[in-house]
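A.B. asks: The structure is given below, and queries will be raised subsequently.
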Amino acid sequence: MVARGNYRIYSNVIKNDDKFYSIFVGSAEVTGGRVRVTRLSGPYIPKIGDQVIGMITDVQPLAATVDINSYINGFIMANAFYKKRIDPSKRDLSEKVRVGDLLSARVNRIERGRDVSLSLDQRWRVDGDAIFYVSPAKAAYLLKSKSNIISKIKAFTGAGIVMGINGVIVAKGEKDSIGRITEIVRVIESQVELNGLEDMLKGVLR
Amino acid sequence: MMPKKGPIISNLRKDQILKSISEGKHIDGRELSKQRSLEIVPGIIEKAEGSASVKLGDTHVIAGIKVEVGTPFPDTPSEGILIVNAEIFPTASEYQEPGPPDEDSIELARVVDRGIRESKMVDFSKLVIEPAKQVYVIYVDIGVLGMGGNLFDASSYAAVAALMTSSFNVYRIDGDIPVKTDEKMAMPITDFAVSLTFAKIGGSIVIDPTWEEEGIMDARLTAVYDNDGRICAMQKGGSGGLKIDDVFQMVDLGKAKYLDIRKKIVEMVENAKSGN
């Protein structure tokens, strides 16, 4: 149980009478008349509108399957790569993407029992020098941080960073910059709770 | 999630691993000739005749020994029987599906079995109750709990440590029926083998590959070293080829390393036996 009384449910909480129970192991927040729990671990759970970084795991004539670091795969229709309707008998999607490529996309439809439908970002191809994975809960927390912590990490390390809410980070930069990001990722993963993560990072970035 | 045989490594991660290896380091920062941290805990399953848990980096394996009585094989009437089974549990990795053992599990069991058998670790002639009629059957069951790469070595160390610390009830023949007694017998161990696995990645030879490294390796070689450093079993894996120089480089590296692992296994087993 995380709270008792009259609250509005924000996320990951169920209500029974006047009691609020967490449905995951996580960090609870009861503020502003709302109660919510942020998961500390586990796979990424897609939500419509999320910006994710995925990896192509299969290329078929009509669509590509994408690993989005979740319990479920994503897929992108072949038309999206050409920005127009294509005839799969005349075009081969593997001329655009191959297995192992990284891309930036948004979740646009979730249906029970089916893969998650994704739409490509304007500049969808993701390239860099190193890829890192952090807990999706921590990625979401950092991306939504009001103090714009990602920009501070970019400024401190001197590297270009693309981060998906699914916990995938792609960095581009010199060896020293990548080394600094490796250290920052280690700090992010070593912090058990979300509370204090931002302060801890600010300490490292000073 | 779509069932996958193994990890698909992104092209970026592949480049990152290859770059790291060309600079003389595993992707986790180790030297190419250095194993991950090894932790062996024997005696973790109370009801088994012997057991051990092995953690090799992120790889976690448990092994359990059960001893029963059975009929010997016709070609070895005066020897006990060894049966090794391995199972990779679905919780070990997101790519592992539930169901009967797949070809990877069968290969894993075969390689561990070969290492135990060919090193003459167990004196099977002492596992006979009545020649050609009743012998002890040693079951070694291996369960993979965490798939972090190099299951061969972790499973081999777990099986070896479990066998070395196992003891079982002696059976006596009453008429034609084997009867279990309260008397205990230690597993007749004469020697033991140390397995070391190498991978060829981007032209470099590395020891103890991680799961991601296994995903991009060209070829893999497991060599099992006996007490005197002689190779008593081998297994080659992966679709790529190995040059003769690669094989020599691997086995020479193993020869320089096997004693460290051997000492560690002996130390852990002695500690377990003395109750530390």
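A.B. asks: Give me the dipole magnitude in Debye, nearest 20, for chain B about the Cα centre, with unit charges on the beta carbon: positive for Lys and Arg, negative for Asp and Glu.
C.D. replies: 500
A.B. asks: Springs between alpha-carbon pairs under 10 angstrom, Gaussian network model over chain B: which of B:Asn11, B:Asn150, B:Asn227 fluctuates most?
C.D. replies: B:Asn11
A.B. asks: Taking springs between alpha-carbon atoms closer than 10 angstrom, which of B:Asp15, B:Asp102, B:Asp174 fluctuates most in the Gaussian network model of chain B?
C.D. replies: B:Asp174
A.B. asks: Count charges around B:Lys200 for me, please; just the other residues with Cβ under 13 Å from its Cβ, Lys/Arg as +1, Asp/Glu as -1.
C.D. replies: Combined, the nearby Lys, Arg, Asp and Glu give -2.
A.B. asks: Quick one: net charge of B:Arg172's neighbours, Cβ under 9 Å, K/R +1, D/E -1?
C.D. replies: -1
A.B. asks: Something else about it: In nanometres, what is the gap between the two model label sites at A:Leu40 and B:Asp102, each 7 Å from Cα along Cα-to-Cβ?
C.D. replies: 3.2
A.B. asks: Next up: Could you give the distance between the Cα centres of the range A:168-206 and the range A:5-54, to the whole Å?
C.D. replies: Rounded to whole Å, the Cα centres lie 25 Å apart.
A.B. asks: Next question. Within a 10 angstrom radius of the beta carbon, how do B:Thr76, A:Thr57 rank from fewest other beta carbons to most?
C.D. replies: B:Thr76, A:Thr57
A.B. asks: Using r as the Cβ-Cβ distance of B:Leu145 and A:Asn6, and R0 as 35 Å, what FRET efficiency do you calculate, to the nearest 0.05?
C.D. replies: Between B:Leu145 and A:Asn6 the formula returns 0.20.
A.B. asks: Just check the protein assembly as shown against the gyration tensor rule for me: Cα atoms, a ≥ b ≥ c as the square roots of the eigenvalues, rounded for a/c under 1.5, and otherwise prolate or oblate depending on whether a/b exceeds b/c.
C.D. replies: prolate
A.B. asks: Then there is this: Tell me which DSSP H helices of chain B clear both cut-offs, 18 Å or more of axial length from alpha-carbon atoms and a mean Kyte-Doolittle hydropathy of at least -1.0.
C.D. replies: B:103-118, B:151-164, B:244-274
A.B. asks: Can you compute the modelled spin-label distance between A:Ser151 and B:Ile177, with each label point 7 Å from Cα toward Cβ, in nm?
C.D. replies: Result for the modelled spin labels: 8.4 nm.
A.B. asks: To make sure I understand the rule: partners must be lysines, Cα under 17 Å from the Cα of B:Lys273, and not fewer than 8 residues away in the same chain. Which ones qualify?
C.D. replies: Reachable lysines: B:Lys47, B:Lys184, B:Lys263, B:Lys264.
A.B. asks: What trypsin sites (Lys or Arg not before Pro) does the range A:25-118 have in DSSP loop regions with at most 13 other beta carbons within 10 Å?
C.D. replies: Those satisfying the criteria are A:Lys47, A:Lys83, A:Lys84, A:Arg85, A:Lys90, A:Arg98, A:Arg112, A:Arg114.
A.B. asks: With +1 assigned to the C-beta of every Lys and Arg and -1 to the C-beta of every Asp and Glu, and no other charges, what is the dipole magnitude of the protein assembly as shown about the Cα centre in debye, to the nearest 20?
C.D. replies: 2540
A.B. asks: Quick one: if the Förster radius is 22 Å, what FRET efficiency do B:Arg117 and B:Lys255 give, using the C-beta to C-beta distance and rounding to 0.05?
C.D. replies: Rounded to the nearest 0.05, the efficiency is 0.55.
A.B. asks: What FRET efficiency comes out for the pair A:Lys15/B:Val170, r = Cβ-Cβ distance, R0 = 56 Å, nearest 0.05?
C.D. replies: Between A:Lys15 and B:Val170 the formula returns 0.35.
A.B. asks: Hand me the trypsin sites (Lys or Arg not before Pro) from the range B:171-276 located in a DSSP loop with no more than 14 other Cβ atoms within 10 Å, in residue order please.
C.D. replies: Passing both the DSSP loop test and the Cβ count: B:Arg230, B:Lys243.
A.B. asks: Right, here's the next one. With +1 on each Lys and Arg Cβ and -1 on each Asp and Glu Cβ, and nothing else charged, work out how big the dipole of the range B:177-230 is about its Cα centre, in Debye to the nearest 20.
C.D. replies: Approximately 140 debye in magnitude.
A.B. asks: Shifting gears a bit: Name the shape class, rounded, prolate or oblate, that the alpha-carbon gyration tensor gives for chain A, where a ≥ b ≥ c are the square roots of its eigenvalues, rounded holds for a/c under 1.5, and otherwise prolate holds if a/b is larger than b/c and oblate otherwise.
C.D. replies: Note, shape of chain A comes out oblate.
A.B. asks: Can you check what the net charge comes to around A:Phe20, using other residues whose Cβ is under 11 Å from the Cβ of A:Phe20 (Lys, Arg +1; Asp, Glu -1)?
C.D. replies: The answer is +4.
A.B. asks: Continuing with the same structure: For the pairs B:Lys55/B:Lys126; A:Lys96/B:Lys19; A:Lys138/A:Lys172; A:Lys175/B:Lys236, note any where the Cα-Cα span goes beyond 28 Å.
C.D. replies: Checking Cα-Cα distances, B:Lys55/B:Lys126; A:Lys175/B:Lys236 exceed 28 Å.
A.B. asks: What residue among B:Leu163, B:Leu108, B:Leu82 has the largest mean-square fluctuation in a Gaussian network model of chain B, using Cα springs under 10 Å?
C.D. replies: Its mean-square fluctuation being the largest, the pick is B:Leu82.
Computed from the coordinates by the stated procedures, all read-outs in this text should not be read as laboratory data. Just so it is clear, the model here is predicted, and its values are computed rather than measured. All Cβ positions, even for glycine, are placed from backbone atoms using ideal geometry, and neighbour counts span all protein chains on display.
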